[in-house]
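The values are calculated or read from the model by the stated rules, or taken from the named source; none is laboratory data. For clarity, every value in this text was computed on a predicted model and none was experimentally measured. Every residue, glycine as well, gets a Cβ built from its backbone with ideal geometry; the counts of neighbours run over all protein chains shown. Remember, those area values only see protein heavy atoms, side chains included, never the ligands or the DNA or RNA. Shrake-Rupley method; radii C 1.70, N 1.55, O 1.52, S 1.80 Å.
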Amino acid sequence: MIDGKIINDPVLGFIQIPRGLFLDLVRHPLMQRLTRIKQLGLTSMVYPAAQHTRFQHSIGSFHLMGEAINSLAQKGVFIFGSEAEAVEAAILLHDIGHGPFSHVLEHTLISGIDHEEISLHIMEKINKEMDGKLNLALKIFKNDYSKKFLHQLIGSQLDMDRLDYLMRDCFFTGVAEGNIGCARIIKMLDVFNDNLVVRAKGIYTIENYLMSRHFMYWQVYLHKTTVSSEKVLVNAILRAKQLAHEGKQLFATPALRYFLYNDINAERYKNDEEAQHNYEILDDNDVWSTLKVWMDNEDKILSLLTSDIINRNLFKVEVSDEPFNEETIQETKQRIAKHFDISIDDAHYLMSVATVQKDIYDINKDQITILYENNTTKDIAEASELLNIASLSKKIRKYYLCCQRF
């Protein structure tokens, strides 16, 4: 008889949640909140099936962590039962600090703080509720524990977070190029000198993994239409905040209203229980419900932006390998101001100039180390027979000019 719960996951199959700490964490209201936050924000504007949630991803990462612990143990890597429980709890909670639409509004609602820091703050709060049951999980999460490879399973080039989101996002977007050999990567993991390494037999799988990440970032995560939709949403929230600061009364759910009418930074969030409470009940539904009402707002800019996002009339996007010159930007702003009969100062809400970059693999930061039979090691960029693996460490930048269609 299974002591716990079984979740039927479309990507990983049946996932067991044992009764006790893990089931308590899964059932926690702050964890259940993740069922109301989309994993890929507004990517469904491009890939309609990308409707999966942060909760699904967290459960998947938890399952993969269990697989990784078992695989390492079979190779003779000694991991105490308490360490295994702690690292699995840490990966289960690693995304608990995400806000509505995941990364999209990360620095719009609260300034100066990212979701990792909020996740840590929430984990510490849950730990107090549970009388310290997450003490070791927090040490590993913060990389304060003696066995550094345990933290690498949570945060590194080959952590369980990345393995799950690549496989899961590939599945729900239908982008076949994103397929990775997740099971084989986990089987090839080992520990050498307290660092997570990959056995030499797994080189080809790692090459495919890095190329898959490259495809997924530029074909999905940084797709020009995804970027465009995010800019419309961010600008709508920024316009609403501006109107709120001018004293205009706007409809909003209580949680969202709090962040429109208050300037919340990292320090205030950490020290203000009201700010924490409102963030912890905020999810995608607050934003969607509010946007629908704003479509009829008397402010033409707010009304236009929210109608755009609801009806998928997204900003037109021009992509360049070189920065847009100031003359082009100003001309665009003037055309917008003239067409919509608004001021030049307000025209910036109907456009966005963005620099998008992603370093798929940085050999000076998070290395992927290959372990050979004679106990020598090489970085994957050196060990790989594919020249383009080394080229992935080069910084790729693209410049986006997004503006309202008319």
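Computed quantities for the displayed model
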| item | result |
| --- | --- |
| Pick from region 269-303, criterion assigned to a loop (DSSP other than H, G, I, E, B) and hydrophobic (A, V, I, L, M, F, W, C), ranking: surrounded by the most Cβ atoms within 10 Å (Cβ to Cβ) | 282 |
| Condition check for residue 209: of a type outside the set (Asp, Glu), open to solvent by 10 Å² or more (accessible area, probe 1.4 Å) and touching a residue at least 24 places away in the same chain (Cβ under 8 Å) | no |
| Residues satisfying the stated conditions in region 174-199, i.e. open to solvent by 30 Å² or more (accessible area, probe 1.4 Å) and either free of Cβ contacts under 8 Å to residues at least 12 places away in the same chain or assigned to a helix (DSSP H, G or I) (or both) | 176, 177, 183, 184, 187, 193 |
| Residue satisfying all of: in region 74-115; outside any loop (DSSP other than H, G, I, E, B) and under 21 Å from residue 255 (Cα atoms); nearest to the chain's Cα centre (by Cα) among these | 102 |
| Options 328, 332, 306; residue that is buried (at least 20 other Cβ atoms within 10 Å of the Cβ), touching a residue at least 60 places away in the same chain (Cβ under 8 Å) and over 25 Å from the mean Cα position of the chain (by Cα) | 332 |
| Within region 351-369, tally of residues that are part of a loop (DSSP other than H, G, I, E, B) and out of contact with any helix residue (DSSP H, G or I) (no Cβ under 6 Å at 6 or more places or on another chain) | 6 |
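A quick yes/no check of all residues on (1) assigned to a helix (DSSP H, G or I); (2) in contact (Cβ under 8 Å) with a residue 12 or more places away in the chain; (3) surrounded by 12 or more Cβ atoms within 10 Å (Cβ to Cβ); (4) not aromatic (Phe, Trp, Tyr):
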{"site": "22", "(1), (2), (3), (4)": "yes, yes, yes, no"}
{"site": "35", "(1), (2), (3), (4)": "yes, yes, yes, yes"}
{"site": "40", "(1), (2), (3), (4)": "no, yes, yes, yes"}
{"site": "71", "(1), (2), (3), (4)": "yes, yes, yes, yes"}
